[in-house]
Amino acid sequence: MNSQLTAMDEEHLRRALELAERGRGRVSPNPLVGAVVVRDGSVIGEGFHAELGGLHAERSALEDCRRRGGNPAGATMYVTLEPCAHQGRQPPCVEAILEAGIGRVVIASEDPSEKAAGRGPEILRNGGVEVAIASGAEATAARRLNQPFRKHSRTGMPLVILKVAMSLDGQTATAPGDSPWISGPESQELVHKWRAESDAIAIGIGTALADDPLLTARIEGARQPVRVIFDSQARLPLESQLLQTLDQAPVLVTTAPDAPADRLGALKAAGAEVLLAANLESALQELGRRDLTSLFLEGGQTLASAFLTSNLIDESRTFIAPMLLGRQPNSVPRVGGDDREDSAGRRSPRSETGPARQTAQWSSTKTIGPDTLITATYKEW
Ligand SMILES: NC(=O)c1ccc[n+]([C@@H]2O[C@H](COP(=O)([O-])OP(=O)(O)OC[C@H]3O[C@@H](n4cnc5c(N)ncnc54)[C@H](OP(=O)(O)O)[C@@H]3O)[C@@H](O)[C@H]2O)c1
């Protein structure tokens, strides 16, 4: 419950949340933020953070207010995240709020990053502005809106969202030669949208060899995510579609420190970025250091189990398609090598994976074309 807020306050905050959504896929590593300026119950300005390096939501709402000929002095500003107090790509928002003479600021969620953490609200209060912080449904919605930003701010790692598509008999791989897609066209369209919203997409070398995927977001004008391949021995074939399409999106190969030097050299010469990491957590830390705040995990069961065993999955999105596939024999690679026996003569994937159980904090179910989509959240940041 929002103890300090009225029903009208909550309604304006919900509008600010709607506006914030419009920046999705365009502002990372910054957070999504929306703002509304209200005087005597009427909206006199609206704004959101629309692109990285562009105006913050608060300044954009104040600009809108001026454009409409409104006067923000004494008005209330509703904003989904505490206004920033630091100089970044843009000047501090608290300065703009104080200069505009805003009388009251209603904030839906706090900013957990070190440079913020309550400084903005304090400066506003010291400047004579009344500040109210939401605590009810709008606060929860504001936190959920910015899970990648919040996890990255708090841990330095990207939010990990696992995507799985499975048949009614629980299979996730199709027969050799068959299309690798299990879910229907509507679900595939959604997957492309999620790719465009992610900073990075990841698969294991098993999927890279079996499916030779592109992993781009097939949406006109979409920002393309970095394509990350977990490939401990640097086996990614130079003729793979991934390496042949570096003009479309970068490829980052995560290898073990003992990967063969000649293979590492070949991948770098082909234009891939190579990252040496001892385990999944240090790989995620490295990705976070590159300002990647979300990782959409689209690999096969081996990599998914490894993430699960290391307790690194924050959310899952599982499509269940109305079909039976039967258990598939080891798939035949569509490119380069053979994942049944690698160049080092190893027959089975890494043994560090194992059974693990994680129960969702909350989940929801939706129908997408012929498929059922179950979204589950394991950790909230
Ligand atoms: N239905 C779906 O949602 C879906 C999604 C993707 C793929 N698939 C299907 O899954 C099949 C491929 O399955 P897969 O399990 O082989 O693919 P995968 O999980 O994408 O790749 C597995 C490989 O990743 C490498 N790897 C690198 N670091 C790892 C780590 N820390 N832990 C575990 N593995 C690591 C391992 O090879 P190294 O030890 O050599 O590094 C391992 O063999 C294909 O048929 C594909 O079509 C289905």
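Observations on the model:
- Residue in segment 63-80 that is within 21 Å of Arg143 (Cβ to Cβ) and either in a loop (DSSP other than H, G, I, E, B) or free of Cβ contacts under 8 Å to residues at least 40 places away in the same chain (or both) present: yes
- Taking every residue in segment 9-38 that is closer than 20 Å to Glu51 by Cα and pairing it with any residue that is of a type in the set (Asp, Glu) and crowded, with 23+ Cβ neighbours inside 10 Å, at least 6 positions away or on another chain, the pairs with Cβ-Cβ distances below 7 Å are Leu17/Glu138; Ser28/Asp199; Ala35/Glu58.
- Members of segment 46-75 that are within 31 Å of the chain's Cα centre (by Cα) and on the phi > 0 side of the Ramachandran plot: Gly53
- Output for segment 354-367, where each listed residue is in contact with a helix residue (DSSP H, G or I) (Cβ under 6 Å, 6 or more places away or on another chain) and either exposed (fewer than 11 other Cβ atoms within 10 Å of the Cβ) or more than 20 Å from Ala304 (Cβ to Cβ) (or both): Gly354
- When segment 287-317 is filtered for residues that are more than 13 Å from the ligand (Cβ to nearest atom), part of a helix (DSSP H, G or I) and crowded, with 18+ Cβ neighbours inside 10 Å, the ones remaining, listed by number, are Leu287, Gly288.
- Unmet requirement for Leu242, which otherwise passes all of (1) over 30 Å from Ser167 (Cβ atoms); (2) in a helix (DSSP H, G or I); (3) in contact with a strand residue (DSSP E or B) (Cβ under 6 Å, 6 or more places away or on another chain); (4) not hydroxyl-bearing (Ser, Thr, Tyr): (1)
- Leading residue by the ranking (nearest to the chain's Cα centre (by Cα)) among those in segment 76-95 that are surrounded by 22 or more Cβ atoms within 10 Å (Cβ to Cβ) and among the aliphatic types (A, V, I, L, M): Leu81
- Subset of segment 207-266 [under 19 Å from the mean Cα position of the chain (by Cα), touching a residue at least 60 places away in the same chain (Cβ under 8 Å) and more than 16 Å from the ligand (Cβ to nearest atom)]: Ala222, Arg223, Val226
- Residue match in segment 152-159 (condition: more than 20 Å from Gly25 (Cα to Cα), part of a loop (DSSP other than H, G, I, E, B) and more than 10 Å from the ligand (Cβ to nearest atom)): no
- Test: Arg223 is among the basic types (Lys, Arg) and not in a helix (DSSP H, G or I): yes
Read-outs: derived from the displayed coordinates by stated rules, not from any lab. Note that this is a predicted model, so its numbers are computed, not measured. Heads up, the Cβs are rebuilt from the backbone with ideal geometry, glycines too, and the neighbour counts pull from every protein chain shown.
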